[in-house]
Amino acid sequence: MSEYNTIDVAATQMLGKAKEIGFLSTFDRAKAQEPRCTFGNTGICCRICLAGPCRILPKKPGGNKGICGARDYTIVARNTVRYIAGGAAAHSDHGREIAETFLHVAEGKVKDYKITDADKLMRVAKHIGVETEGRDVMAIAKDVALLALQEFAEVDESKELTWIAKYSNETRNQKFRDTGIMPAGINLSLAKLLHQTHIGVDADPVNIIFGGLKAALSDVAGEHLATDLSDIMFGTGVPVVTEANLGAIKADKVNIALHGHNPLLSQMVVNAAKEMQEEAKAAGAKGINLVGICCTGNEVLMREGVPIATNYATQELAIMTGAMDAMVVDVQCIMPSIRTAAECYHTKIVTTMPIMKIPGSYHMAFDEMHAMDSAKEIIRLAIDAYKQRDAAKVCIPEIKNTVVAGFSMEAMYNIFRKINAENPMSVVIDAIAAGEIKGVAALIGCNNLKGTHDLNHTTMAQELAKNDVLLLATGCSAQAHALAGLMNGEAVKKYAGEGLKKFYARLNAAAGLTAELPLMFHMGSCVDNSRVQDFVTAMANEMGVDNADVPFVVSAPEAMSEKAVAIGAWNVAYGNPTHVGVIAPTVGSQLVNDVVTKIAEDVFGGYFFWEPDANKASAKIIDILDERNWKNAMRK
Ligand code: XCC
């Protein structure tokens, strides 16, 4: 383990560099926050009105409630679901922006975006009930876009979100209806939740949590339509071989990091870079080198094979290489401190979205009507910055690993179909029935420096693979595995148990790819957790059981963002046991904590469990998979 709080060797080198130049990184700031305030840490600090903050102080007369009389369980429940509202707002707003551009494509109003995957458009249209027979592609696209936008606008509470009702199986839809959490409109459920948790509205923790789950289902609808429409516009991921870690930054090229979440911008920068290599050469560089950070990095990795530079916790360190000419950011998970890091170098930080600016950075408003021009302008800024680069400050760790990624649901089905053309998912289900693999786990979510950067992600991947668990990955977790060299065929040889190895041997023989399949299937960005849920629903359908009986577990080993809370919550509603590697701020109320970790299982089959120790969490996941398999065997 390094003297710094990371397992990543390249990050360790860069943290040494940061120390040398006196830059205080997020690793230093995390330390500065210790010890944490117990009230905030356990969820019993209420800041919802200006009479507060109120804390639960059981030893003081009158101190066991807030000033308004709110009990610990009300405060904890409100705080928890407000995380969900924040997360769902972020994911869905991303989805809405994609849907708006998609509508403009269908109407012929934007010249730089197009329909790239028309087959997916047809599949999505049929799935959500848009007539396709004998119709023009653009007319179909327009109907799909309008239906997507209506998901946000709907206020008739008797309606159901299309992207939930059409993509979930009937047992889950009925569960959502029976528990009153089937959302009608995304904006409506988020506004309602903020209303419900306003001072003096809902005091019932269970009712509040159900309101939170409704918002969480809105989150997954927003994610799913973002995934679908992005695939249609930019292409659906197919297996690609690329690389990850800071060694992917090139000393002799103009380096541009694409950071944030929304592919509307990052994809356009990729397209523009293809046309502008000569301009970079004219400036003395060998070309333009794009690298990704966080989920916009995952988007362009999946579709274009753009290498990964770092994940969330180490984003500042990409600048410490001294060779990062521009970091282009859109929305979400962007540390404002990248600007401070850039002050030590020539790096230009470029913000691009009206709701995301950092004082002192360049703001180049991204305009979908002139998307390519905007992207070119950004690249020119990077080329100019390259000319100011100080070669003496360049220090790129020579560390990078091979990554095999690009596993959309379609890409995985293409492989499975080579083994069973009729029932592709039977390839996984039969392997579980034969005892070759125990089930499936999805490793997802962020970094959280309450633990050691990337330690939980990578430990769990190794432990679960050793125990024959088939792994899916998204978000910064996927990036952690990629950075550490776990996302390639060599890692299968090194870490997979005997059963999993046999399964992979069959898949590799059938897949006929030039590269061997990796230890985990990178399904994309965090909005692409919709792909993961489609995978689980397909497993349930193939097994003929409810989602809650599928040998599947989801884990966010280093969860951090509000979006991670929203994703965790809908996973619980879908019947998935959901591991979180940090202690959640629900523990301040025994009642709320019991509802989300125990009672939830009785109602939904899914539940949360908090376990910061990756080995213990892996053991628990294996127990859960064994138990679900045993129960399924008993039912036969
Ligand atoms: Fe978390 Fe989403 Fe952000 Fe990474 S980028 S820190 S939300 S895992 Ni999506």
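The values are calculated or read from the model by the stated rules, or taken from the named source; none is laboratory data. Small disclaimer: the values here were computed from a predicted structure and weren't measured. Cβ sites come from the backbone with ideal geometry, for glycine too, and all protein chains shown count toward neighbours. For accessibility, only protein heavy atoms count, side chains too; no ligands or nucleic acids. Shrake-Rupley method; radii C 1.70, N 1.55, O 1.52, S 1.80 Å.
Things to note:
- In the range 236-249, of all residues being part of a loop (DSSP other than H, G, I, E, B) and open to solvent by 10 Å² or more (accessible area, probe 1.4 Å), the one that is farthest from Ser408 (Cα to Cα) corresponds to Pro239.
- Of all residues in the range 584-596, those that are over 21 Å from Arg36 (Cβ atoms) and open to solvent by 30 Å² or more (accessible area, probe 1.4 Å) total 2.
- Consider the range 425-481 and keep the residues that are in a loop (DSSP other than H, G, I, E, B) and free of Cβ contacts under 8 Å to residues at least 40 places away in the same chain. The one that is farthest from the ligand (Cβ to nearest atom) is Ala434.
- Among the residues of the range 482-491, those that are away from the ligand (no atom under 13 Å from the Cβ) and either open to solvent by 10 Å² or more (accessible area, probe 1.4 Å) or touching an Asp or Glu at 6+ places or on another chain (Cβ under 7 Å) (or both) comprise Ala484, Gly485, Asn488, Gly489, Glu490.
- Condition broken by Tyr83, with the remaining ones in (1) open to solvent by 20 Å² or more (accessible area, probe 1.4 Å); (2) out of contact with any His (no Cβ under 9 Å at 6 or more places or on another chain); (3) part of a loop (DSSP other than H, G, I, E, B); (4) within 30 Å of Gly185 (Cβ to Cβ) satisfied: (3)
- Restricting the range 170-223 to residues that are of a type in the set (Lys, Arg) and in contact with a helix residue (DSSP H, G or I) (Cβ under 9 Å, 6 or more places away or on another chain) leaves a set whose member that is surrounded by the fewest Cβ atoms within 10 Å (Cβ to Cβ) is Lys192.
- Those residues of the range 607-636 which are touching a strand residue (DSSP E or B) at 6+ places or on another chain (Cβ under 6 Å) and either open to solvent by 80 Å² or more (accessible area, probe 1.4 Å) or in contact (Cβ under 8 Å) with a residue 40 or more places away in the chain (or both), in sequence order: Phe608, Ala617, Ile621, Ile624, Leu625
- Condition met for Ala431 (in contact with a helix residue (DSSP H, G or I) (Cβ under 8 Å, 6 or more places away or on another chain), open to solvent by less than 10 Å² (accessible area, probe 1.4 Å), small (Gly, Ala, Ser) and modelled with pLDDT of 95 or more): yes
Residue-wise test of (1) under 25 Å from Thr242 (Cα atoms); (2) open to solvent by 10 Å² or more (accessible area, probe 1.4 Å).
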site	(1), (2)
Leu301	yes, no
Glu304	yes, yes
Ala309	yes, no
Ile319	yes, no
Asp325	yes, no
Gln332	yes, yes
Ala342	no, no
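- A residue that is in contact with a Leu (Cβ under 7 Å, 6 or more places away or on another chain) and within 20 Å of Asn5 (Cα to Cα) occurs nowhere in the range 433-445.
- If you filter the range 269-299 down to residues that are of a type in the set (A, V, I, L, M) and crowded, with 24+ Cβ neighbours inside 10 Å, you find that the one that is nearest to the ligand (Cβ to nearest atom) is Ile293.
- Positions within the range 127-159 being surrounded by 17 or more Cβ atoms within 10 Å (Cβ to Cβ) and acidic (Asp, Glu), in sequence order: Asp143, Glu151, Glu154
- Of all residues making up the range 501-526, the number that are surrounded by 24 or more Cβ atoms within 10 Å (Cβ to Cβ), at negative phi and in contact with a Lys or Arg (Cβ under 9 Å, 6 or more places away or on another chain): 3
- Top-ranked residue of the range 524-540 - restricted to ones that are within 16 Å of the ligand (Cβ to nearest atom) and part of a helix (DSSP H, G or I), ranked as nearest to Ala442 (Cα to Cα): Val532
- Among the residues of the range 357-400, those that are touching a helix residue (DSSP H, G or I) at 6+ places or on another chain (Cβ under 9 Å), aliphatic (A, V, I, L, M) and in a loop (DSSP other than H, G, I, E, B) comprise Ile358, Met364, Ala365, Ile396, Ile399.
- Matching residues in the range 1-51 - criterion: being over 27 Å from the mean Cα position of the chain (by Cα), open to solvent by less than 30 Å² (accessible area, probe 1.4 Å) and closer than 26 Å to Arg78 by Cα: Ile44, Cys46
- Qualifying residue in the range 255-272 (condition: touching a Leu at 6+ places or on another chain (Cβ under 6 Å) and at pLDDT below 95): yes
- Failed item in (1) buried (at least 24 other Cβ atoms within 10 Å of the Cβ); (2) touching a His at 6+ places or on another chain (Cβ under 9 Å), with Val532 passing the rest: (2)
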